[in-house]
Amino acid sequence: MLRFAPSPTGDMHIGNLRVALFNYIMSQKRSEPLLIRIEDTDKERNIPGKEDEILALLALFGITHEEHQLQSNNLRFHRAMALQLLHDKKAFSCFCTPEILEAKREKSKEDKIAYRYDGTCEHLTADQVIDNLAPFTIRLKKPSHSLTVRDLIKGESTFAPDDIDSFIIMRADKYPTYNFACAVDDMLSDVSLIIRGEDHLSNTPKQMAIQHALGYDRTIEYAHLPIILNNEGKKMSKRDDASSVKWLLEEGFLPAAIINYLILMGNKTPLEIFTLDEAIKWFDLTAISKSPAHFDIDKLKFINREHLRGLDPKELSRYVGFADEDIGRLAKVFLDEVSTLKELRVKIGAIFAPKIVPDEYKEGFEVLRNLTIKAPHFDDYDAYKGYLMQHSGLKGKNLFKPLRILLSGAEHGPEMGDLYTHLKNYLKEVVK
Ligand code: GLU
């Protein structure tokens, strides 16, 4: 089983989408099911509606799954296993108050040493624990030896017991911490490979320590994906519009192009333009670069344009708000200039909208408009142009400038003949 474990606490970031995508691809390659686990244990940070949004986005990107869980439904297992660890003396109750812990943390900072839990509550006697009615957390005892994470992308990292520390697995409110809920759930779902962002690398030895303490001996494989940098070389964050999947879709990037780019970024691939199904055949998780990936919106635009070019004209027509395939073909004529659906909608919209005409072309524009309204149908642009020249007496710039505005709503653009080919059946509507 593979899993994608989003928290329903914010908008989906491209980093999350990339994690979901790689988990999906690997689940397909290994013929193992994919679990979507909504990590909703942090009640204060959950945002209503986010779960449905995540599921809808995954469906839009063609990331299908076999299982779906809400982490909060596993609470009874988290609690049972925490009690088991207490019973086995692999965990202990900790009565240190947040204020005391904070003061110790501050002190470490002043002394310029890394803060570690100092073991105050580790050796309390059973009576000391039972007689204490104050709120308490549960901590896992730090392991006695180092743990090595073997990562398919990053190689090996070894963590000393002090790096793992005696960390909290159950909070005073009797809810599990992220590390505990995650480690228990991955174990219960028999997860074989965990693909997630590299910001979780330091959590991995903690989760391994939990599983070892619970006697779980199956080896889980890991792949931590390098972070994504923006064009300034800083970690992409909410402040970068392009980090939001919703924003990219609103800007008119096709899901297939976004997927193509996320697979290509920081990777060696046999092709540059491909579909998800093709990528499943040759995708190699171990070929992903260890160093951070650079998000390049221009590259994404190039890829989007190629996917738009490859679309069935009818489908492209629907994407820009029409039904007829002629409009899809017309839209493709603009792909030398623009690269997103949003930009194409502007171009096509201008063709059908009332035209704004500079004063110097107003007269010619009206003449051409009236002629076009009364003209017979011409299949061929040259015949149409000849008809206009003959009946208006206009030529050169005085013909072409107002004619371009009349047919496209713009002063510059693609070859008029190319536009006319796909517009000729709409001419009366275009000039109305
Ligand atoms: N809920 C965590 C996150 O969204 C999951 C990390 C993991 O895959 O374990 O970052």
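The values are calculated or read from the model by the stated rules, or taken from the named source; none is laboratory data. Computed from a prediction, not measured in an experiment: that's the story for all the values here. In this analysis, Cβ positions are derived from the backbone assuming ideal geometry, glycine residues included, and neighbour counts consider all displayed protein chains. Just so you know, the surface numbers come from the protein's heavy atoms only, side chains and all, with ligands and any DNA or RNA stripped out. Shrake-Rupley method; radii C 1.70, N 1.55, O 1.52, S 1.80 Å.
Please report, ordered by residue number, the helices (runs of 4 or more DSSP H) entirely within the stretch 119-212 with at least 3 residues that are free of Cβ contacts under 8 Å to residues at least 24 places away in the same chain. Spell out how you get there, then give the answer.
Values: elements: 126-131, 161-164, 178-188.
In the stretch 119-212, the matching helices (runs of 4 or more DSSP H) lie at 126-131.
Among the candidates Lys290, Lys299, Lys268, single out the residue that is among the basic types (Lys, Arg) and either within 25 Å of Asp418 (Cα to Cα) or part of a helix (DSSP H, G or I) (or both). Before the answer, list the steps.
On the way: Lys290 fails: either within 25 Å of Asp418 (Cα to Cα) or part of a helix (DSSP H, G or I) (or both); Lys268 fails: either within 25 Å of Asp418 (Cα to Cα) or part of a helix (DSSP H, G or I) (or both).
The conditions single out Lys299.
Being touching a His at 6+ places or on another chain (Cβ under 7 Å) and either part of a helix (DSSP H, G or I) or without any contact (Cβ under 8 Å) to a residue 40 or more places away in the chain (or both), is that true of even one residue in the stretch 71-90? Before the answer, list the steps.
Here is the first cut: in the stretch 71-90, the ones touching a His at 6+ places or on another chain (Cβ under 7 Å) are none.
No, that holds for no residue.
Is it true that some residue in the stretch 142-151 is within 16 Å of the ligand (Cβ to nearest atom) and either under 26 Å from the mean Cα position of the chain (by Cα) or of a type outside the set (Phe, Trp, Tyr) (or both)?
Residues of the stretch 142-151 that are within 16 Å of the ligand (Cβ to nearest atom), as a first pass: 149, 151.
Checking which are either under 26 Å from the mean Cα position of the chain (by Cα) or of a type outside the set (Phe, Trp, Tyr) (or both) leaves us with 149, 151.
Checked the stretch 142-151: at least one residue is within 16 Å of the ligand (Cβ to nearest atom) and either under 26 Å from the mean Cα position of the chain (by Cα) or of a type outside the set (Phe, Trp, Tyr) (or both).
Condition check ((1) touching a Leu at 6+ places or on another chain (Cβ under 7 Å); (2) closer than 28 Å to Ala223 by Cβ) across all residues:
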{"position": "Ile280", "(1), (2)": "no, yes"}
{"position": "Ser291", "(1), (2)": "no, yes"}
{"position": "Arg309", "(1), (2)": "yes, no"}
{"position": "Pro313", "(1), (2)": "no, no"}
{"position": "Val320", "(1), (2)": "yes, no"}
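Among (1) touching a Lys or Arg at 6+ places or on another chain (Cβ under 8 Å); (2) over 30 Å from Asn425 (Cβ atoms), there is one condition Leu316 misses while meeting the rest; what is its number?
Going through the list (1) touching a Lys or Arg at 6+ places or on another chain (Cβ under 8 Å); (2) over 30 Å from Asn425 (Cβ atoms), Leu316 breaks only (2).
Out of the stretch 44-74, which residues are of a type in the set (Lys, Arg) and either at pLDDT 95 or above or within 22 Å of Leu188 (Cα to Cα) (or both)? Quick ask: steps written out before the conclusion?
Going residue by residue through the stretch 44-74, those that are of a type in the set (Lys, Arg) are 45, 50.
Scanning the stretch 44-74 gives a single hit, Lys50.
Conditions tested, residue by residue: (1) over 15 Å from Ile327 (Cβ atoms); (2) out of contact with any Phe, Trp or Tyr (no Cβ under 9 Å at 6 or more places or on another chain).
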| residue | (1), (2) |
| --- | --- |
| Leu341 | no, no |
| Ile356 | yes, yes |
| Gly364 | yes, yes |
| Leu368 | yes, yes |
| Phe378 | yes, no |
| Tyr381 | yes, no |
| Tyr384 | yes, no |
| Asn425 | no, yes |
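Which one of the conditions (1) buried (at least 19 other Cβ atoms within 10 Å of the Cβ); (2) in contact with a His (Cβ under 8 Å, 6 or more places away or on another chain) does Arg329 fail to meet, given that it meets all the rest?
Evaluating Arg329 over (1) buried (at least 19 other Cβ atoms within 10 Å of the Cβ); (2) in contact with a His (Cβ under 8 Å, 6 or more places away or on another chain) leaves (1) as the failure.
Quick check: is even one residue across the stretch 373-383 open to solvent by 30 Å² or more (accessible area, probe 1.4 Å), acidic (Asp, Glu) and without any contact (Cβ under 8 Å) to a residue 40 or more places away in the chain?
yes
Only one of these is open to solvent by 40 Å² or more (accessible area, probe 1.4 Å), within 14 Å of the ligand (Cβ to nearest atom) and of a type in the set (D, E, K, R): Glu32, Glu51. Name it.
Details: Glu32 fails: within 14 Å of the ligand (Cβ to nearest atom).
Just a single option satisfies the conditions, and that option is Glu51.
Restricting to the stretch 1-29, name every residue that is within 11 Å of the ligand (Cβ to nearest atom), assigned to a helix (DSSP H, G or I) and open to solvent by 10 Å² or more (accessible area, probe 1.4 Å). Before the answer, list the steps.
Taking the stretch 1-29 first, the residues within 11 Å of the ligand (Cβ to nearest atom) are 2-10, 12-13, 15-16, 19-20, 23.
Now drop any that are not assigned to a helix (DSSP H, G or I), which leaves 15-16, 19-20, 23.
Listed by number, the residues that qualify are Gly15, Asn16, Val19.
For the stretch 213-223, enumerate the residues that are open to solvent by 30 Å² or more (accessible area, probe 1.4 Å) and part of a strand (DSSP E or B). Outline the logic, then answer.
To start, the set of residues in the stretch 213-223 that are open to solvent by 30 Å² or more (accessible area, probe 1.4 Å) comprises 214-219, 221.
Within the stretch 213-223, just Glu221 meets the criteria.
For the stretch 159-181, state whether one or more residues are surrounded by fewer than 19 Cβ atoms within 10 Å (Cβ to Cβ) and within 13 Å of the ligand (Cβ to nearest atom).
Within the stretch 159-181, one or more residues are surrounded by fewer than 19 Cβ atoms within 10 Å (Cβ to Cβ) and within 13 Å of the ligand (Cβ to nearest atom).
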